[in-house]
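One structure below.
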Amino acid sequence: MIVRFEYFAPKSLDEVLRLLDEYGPDACLLAGGTDLLLKIRAGAVTPTAVIAIKAVKGLDLISFDTTKGLFIGATALLSDFAGHPAVTKHYPALRDAALATANVQVRNMGTVIGNLCNASPCADNAPTLIAMGGTAVVESRNGGRCVPLEDFFKGPGQSVIGPGEIVTSVTVPVPPKGSGASYLSLSQRSRVDMSAVGAGVFVRLESSRIAQASIVMGSVGPVPMRASKAEAILAGKRPSAALFARAGEAAAKESKPISDVRASASYRRQAVGVLVERALGEAAARAKGD
Amino acid sequence: MKHVIELKVNGDSYQVAVDPWRTLNEVLREDLNLTGTKLGCGTGDCGACTVLLDGRTVSSCLTLAVEAAGKDIRTVEGLAPSGEELHPIQEAFIEEGAIQCGFCTAGMELSAKYLLDRNPAPTEREIRASMSGNLCRCTGYDKIVAAVDAAARKMK
């Protein structure tokens, strides 16, 4: 199906914001295009204006600061993000999530933030970014706002981003001392297709006890979802295999999966518990510096 | 409205007028008659349409032609150094029997080039990971992995 649209490739953010304002709900932003073009062909979106943002200078910045943490620009490619030395060193779980996204070619085209803005419940980069306290910086002609990624997703394909708005960056705090994170996912064809189920977790240890735990599950609900009951089981306890198994079971009970082409609901429920359990083990090992 | 753009393909410059919704794959194949680049799934899963854009592998089926304007595009037609000789990757694919129906080959070879440009001596595991965005329904992959390994040794 051919959908006709006008194409713009502005070189400045001001021009992007002006076009977004002018076209309102009829505009779509194009970063990597790997999701957008499929949606356009399927008739799921019918923009009259496609605004490409890769020509905007500086929007692809990835940087790390020991006080401000990680900055991910809107057009930072998944492959550049996964290969960035600071990401590898300080945020290995975010690297793993980026590498779990689609295939080599798509990671060379697609962006971390595009993966979030597409708002699929199976977005590989969402769970760990939420668990680590990431925030989206949103701009429009009328000003800006910051949205914690935990509040970003509203439903399948739906986020809080409205007409006229663009996510210009995502920031992630510096991982506190004694903390670790992990992202694990499963898909039908191992590493190349969309994840059927995923789990991103973050834990912080204090005096060998779990002082903070965040568990976010992907593809088991309409949005990436917190497993708060599983988190409560961990609070204040000493990390152990048995504890993580209990947390995994609780997370599986909290999940609300559906059956679709990628997996059945019962498989997803069972698998997400196992992934949460294993991810907790990996995050705790990283927290201990193992 | 059509956009008049310059596409730099395999070192040659082409000026084309394209509708903004047309993909790089369509323009390469239909306007420039460079049909070595295939169209498989059309959804970025199979890798048959892989080309190099500024040195990186991308799916040409998901790349708008207007987005490739002014960039360095390399297709399988530009892999061999001349009309007389083949690229070592192409030689290795033939010698190792890594081609059966041939539909995936152009994409496979460009993914191999992308890998070997960055990592001249990859392990088998690295080859398999790097080639995982290219699907083949004939060979069972072993011969393709062997061909990439052989190409790496030829290119030393």
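A short reminder: the numbers here are calculations on the coordinates, not readings from a lab. Quick caveat: nothing in here was measured; it's all calculated off a predicted structure. Heads up, the Cβs are rebuilt from the backbone with ideal geometry, glycines too, and the neighbour counts pull from every protein chain shown.
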Report task. Return the FRET efficiency for the residue pair residue B:41, residue A:241: r is the Cβ-Cβ distance, R0 is 45 Å, and the value is rounded to the nearest 0.05. Result -> 0.60
Query raised in the report: Could you give the distance between the Cα centres of the stretch B:16-51 and the stretch A:1-67, to the whole Å?
Result: 21
Report summary line: Toy charge model, Lys and Arg Cβ at +1, Asp and Glu Cβ at -1: the stretch A:1-158 dipole around Cα centroid in debye, rounded to 20, equals 200
Report task. For chain A, set up a Gaussian network in which alpha carbons nearer than 10 Å are linked by springs, and say which option among A:182, A:214, A:266 fluctuates the most. Result -> A:266
Requested in this report: Beyond 29 Å between alpha-carbons counts as too far, so tell me which of B:71/B:113; B:38/B:154; A:154/A:229; A:57/A:89; A:68/A:253; A:177/A:256 fall in that bin.
Outcome: A:68/A:253; A:177/A:256
Requested in this report: Please average, across the residues of A:97-105, the number of beta carbons from any other chain that are within 10 Å of each residue's own beta carbon, and give a whole number.
Outcome: 6
**Report entry** Order of A:61, B:39 - criterion: other Cβ atoms within 10 Å of each residue's Cβ, fewest first
**Finding:** A:61, B:39
Requested in this report: Return A:197, A:274 ranked ascending by Cβ neighbour count within 10 Å, so the fewest neighbours appear first.
Outcome: A:274, A:197
Requested in this report: Towards the positive end of the charge dipole of chain A, with charges on Cβ (+1 Lys, Arg; -1 Asp, Glu), say which of A:113, A:197, A:5 has the farthest Cα.
Outcome: A:197
Query raised in the report: Counting other C-beta atoms within 10 Å, which of A:128, A:168, B:57, B:63 has the fewest, and how do the rest follow?
Result: A:168, B:63, B:57, A:128
**Report entry** Cut-off 13 Å between beta-carbons: net charge of the residues surrounding residue B:140, Lys and Arg +1, Asp and Glu -1
**Finding:** +1
Query raised in the report: In debye, nearest 20: dipole of the protein assembly as shown around its Cα centre with unit charges on the Cβ of K, R (+) and D, E (-)?
Result: 1620
Report summary line: Within the set A:54, A:256, A:68, GNM on chain A using Cα springs under 10 Å gives the largest fluctuation to A:68
